[in-house]
Amino acid sequence: MHKNNRQEILFQAAFKLFLLRQFKGVTLADIEQEAGMTRGAIFYHARNKEDLYRKVVKRYWIDNQDIINQVDKDSVTLKEFINNYTASINKMMQELQKLLPGCSLQQVSKAYLSFLMQLRDSAPDLHDEYLSNRTNQLFAWNDVLRNAVANGEIIKDIDTFAFAQAFLYLFYGQTFWESLDNGLNIDQLRRNYMKIYDAIKIR
């Protein structure tokens, strides 16, 4: 098997374990069993468990969570941005679900939140990078809203930054709320976004 394929198998197996059990709950023996590799093969791709954790978190969490770089925010209306943003979230959740075969959407949503809550303790610098991505999302929402005001798509008398926060917080709030039930419903998220949009659009 090509070494890049073996690395992908290892990284996916390790991330699945870290996502479900967190860093402290995963042993090298667990990773060996999940990946079907010897410890020597694992250490060919990572120096130790900590190094492996950092590599897989960067690939499957930090880069995958950088939603805003997956959306063209400069050439779309606010309505189009909402559609593109929710589509990117849907893609992200589907990719997480692929890494957790056999897990329900609710389990994936719970794993998402649990992992996020513990990332600060496991890798503070990666947590800071995640927060930077989230801040970039907030400013992107604000930019899109300001453009929508300037282009006459939505009403002028609004606090664009407050609405940017509302759009972003709705995603995180709904993710938490629905993790207690059936998992994040992307269609419902989009409908909720559109209710806000309908309240501020020019009629």
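The values are calculated or read from the model by the stated rules, or taken from the named source; none is laboratory data. Note that the structure is predicted; figures quoted are calculated from it, not measured. Using ideal geometry, Cβ is built from the backbone for each residue, glycine included, and neighbour counts are taken over all protein chains shown.
Listing for the model above:
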| read-out | value |
| --- | --- |
| Selection from the range 4-51 of residues that are in a helix (DSSP H, G or I) and of a type in the set (Ser, Thr, Tyr) | Tyr44 |
| Members of the range 40-62 that are in contact (Cβ under 8 Å) with a residue 60 or more places away in the chain and among the aliphatic types (A, V, I, L, M) | Val57, Ile62 |
| Odd one out for Asn69, checked against (1) surrounded by fewer than 16 Cβ atoms within 10 Å (Cβ to Cβ); (2) modelled with pLDDT of 80 or more; (3) farther than 25 Å from Ala13 by Cβ; (4) of a type outside the set (Phe, Trp, Tyr) | (2) |
| Residue in the range 6-19 that is under 16 Å from Ala111 (Cα atoms), at pLDDT below 90 and either surrounded by fewer than 16 Cβ atoms within 10 Å (Cβ to Cβ) or aromatic (Phe, Trp, Tyr) (or both) present | no |
| Among the residues listed as Arg120, Arg134, the single one being surrounded by fewer than 18 Cβ atoms within 10 Å (Cβ to Cβ), over 23 Å from Leu189 (Cβ atoms) and assigned by TED's automatic domain parsing to the domain that holds Thr77 | Arg120 |
| Residue that is farthest from Lys79 (Cα to Cα), among those in the range 174-203 that are assigned to a loop (DSSP other than H, G, I, E, B) and of a type in the set (S, T, N, Q) | Asn182 |
| Tally of residues being without any contact (Cβ under 8 Å) to a residue 12 or more places away in the chain, closer than 16 Å to Tyr172 by Cβ and in contact with a helix residue (DSSP H, G or I) (Cβ under 9 Å, 6 or more places away or on another chain) across the range 99-124 | 1 |
| Filtered residue count, the range 148-159, keeping only those that are touching a residue at least 40 places away in the same chain (Cβ under 8 Å) and not in a helix (DSSP H, G or I) | 6 |
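Residue-by-condition table, conditions (1) touching a residue at least 40 places away in the same chain (Cβ under 8 Å); (2) crowded, with 17+ Cβ neighbours inside 10 Å:
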| position | (1), (2) |
| --- | --- |
| Phe161 | no, no |
| Leu170 | no, no |
| Trp177 | no, no |
| Asp181 | yes, no |
| Leu184 | yes, yes |
| Asp187 | no, no |
| Tyr197 | yes, yes |
| Ile200 | yes, yes |
